[in-house]
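Just below is one structure, and these are the notes that go with it.
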Amino acid sequence: MNLIDEFRDKQSILALKKLIEKEIKNPINIMEICGGHTHSIMKYALPSILPKEINFIHGPGCPVCVMPRNRIDIAIKLASMKDNIFCTLGDLLRVLGSDFSLIDLRAKGADVRALYSPLEILEIAKENPNKNIIFFAIGFETTTPMSALLLEKVIELNLKNVFFHINHITVPAPIEAIMDDENVQINAFLGPSHVSVITGFEIYKPIATKFKTPIAVSGFEPVDIMESVLNIVKQINKGTFEVYNQYKRAVSEKGNIKAQNLVTKYFEPCDFEFRGLGIIKNGGLRLREEFSDFDANKRFDCAVSSKNESKACICGQILRGLAKPYDCKVFGKACTPRSPIGSCMVSGEGACAAYYKYSKVNA
């Protein structure tokens, strides 16, 4: 099996297009939970290929995008402290806090480092025994096991200068919060693929049943997404609401049990504020009490007073599926990847970044 060409095959895409056109009866709003799906949908121009009845709605599946300003300000405060080396993953460095970003702070001389892998922390800690190493952990279920593994290694190596600020979040909780909104107009979901490798696809069954909403766990390639859309259309025609595992080559029903057990060993559920969605019950994770010695929240003063978000930015509405990037007055004008105002433009997985990169508006 060719895992790239076979899933980008033009004839397969066109054949699926015809099947969807044959099956579609009414307009269907499909929310793709994962930002990776948003980028694939825009990159391969799937909205222009699919019937006009298929409307993609972009969800809160970008961990950088949903991080509230309060937590960005905490990150900046931790990184500003003397004798701290601040480490995190991905695009978080470019997200604006109340006054500036982590990358601005680094330009002023703070030791702020972007990691490729959390395990890099081990060498950083050994090389800097007189420094506090702060790991600002972010991400959905995909990256949580790596943070748990890092903590396990820190304990095994008896490293006393590594501290964790946990900002891990879960997929099911914000999806339930979105579906509980009286303004919701979502008929189906594209389930996240990388998350599902860890969790398994069975975690979505309660959501599908509760809200009578089909969910197709999809791969990222255009054939994957087209197959998933076809399944959703067929399910809606039949009146069924099941979880369809399109991404069988990587996702199982139960997921990675070893990774799940590792996460459960070190973390427990907690309420978490999502940008645009508010505080969601059990939407995030925190360190268990027995590992509080490693908790940056308890080791350092993390109290901050955050300013309100920019009134010009509608990232909150985009993350709730109530607006699209084109609806924002500053999209592609004052807000671009070079000078982002909102987190949806900062992150490589953000909806605004996807629209900006692939849409004809900016061609």
Legend entry - Of the criteria (1) touching a Leu at 6+ places or on another chain (Cβ under 8 Å); (2) crowded, with 21+ Cβ neighbours inside 10 Å, which one residue 159 fails: (2)
Inset, instruction - Could you please let me know if residue 97 is under 16 Å from residue 139 (Cα atoms) and touching an Asp or Glu at 6+ places or on another chain (Cβ under 9 Å)? - result: no
Legend entry - Members of the range 316-363 found to be within 20 Å of residue 45 (Cβ to Cβ), of a type in the set (Ser, Thr, Tyr) and surrounded by 14 or more Cβ atoms within 10 Å (Cβ to Cβ), listed by number: 355, 356, 358, 359
Legend entry - Cβ-Cβ under 8 Å pairs, at least 6 apart or on other chains, the range 50-62 side touching a residue at least 60 places away in the same chain (Cβ under 8 Å) and among the β-branched types (Val, Ile, Thr), far side in a loop (DSSP other than H, G, I, E, B) and open to solvent by less than 10 Å² (accessible area, probe 1.4 Å): none
Inset, instruction - Would you point out the residue of the range 256-294, among those that are part of a strand (DSSP E or B) and open to solvent by 90 Å² or more (accessible area, probe 1.4 Å), that is modelled with the highest pLDDT? - result: 286
Legend entry - Unmet requirement for residue 313, which otherwise passes all of (1) part of a loop (DSSP other than H, G, I, E, B); (2) open to solvent by less than 30 Å² (accessible area, probe 1.4 Å): (2)
Inset, instruction - Hey, could you check the range 27-49 for residues that are in contact (Cβ under 8 Å) with a residue 40 or more places away in the chain and in a loop (DSSP other than H, G, I, E, B) and say which is farthest from residue 184 (Cα to Cα)? - result: 44
Inset, instruction - Tell me, please, whether a residue that is small (Gly, Ala, Ser), touching a residue at least 24 places away in the same chain (Cβ under 8 Å), over 24 Å from residue 350 (Cα atoms) and outside any helix (DSSP H, G or I) can be found in the range 85-101. - result: no
Legend entry - Among (1) open to solvent by less than 20 Å² (accessible area, probe 1.4 Å); (2) over 30 Å from residue 90 (Cα atoms) - the single one residue 41 does not satisfy: (2)
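The values are calculated or read from the model by the stated rules, or taken from the named source; none is laboratory data. The model shown is predicted, which means the values in this text are computed figures rather than measured ones. Cβ atoms come from the backbone with ideal geometry, glycine included; neighbour counts cover every protein chain shown. Protein only, heavy atoms only, side chains kept; ligands, DNA and RNA dropped before computing areas. Shrake-Rupley method; radii C 1.70, N 1.55, O 1.52, S 1.80 Å.
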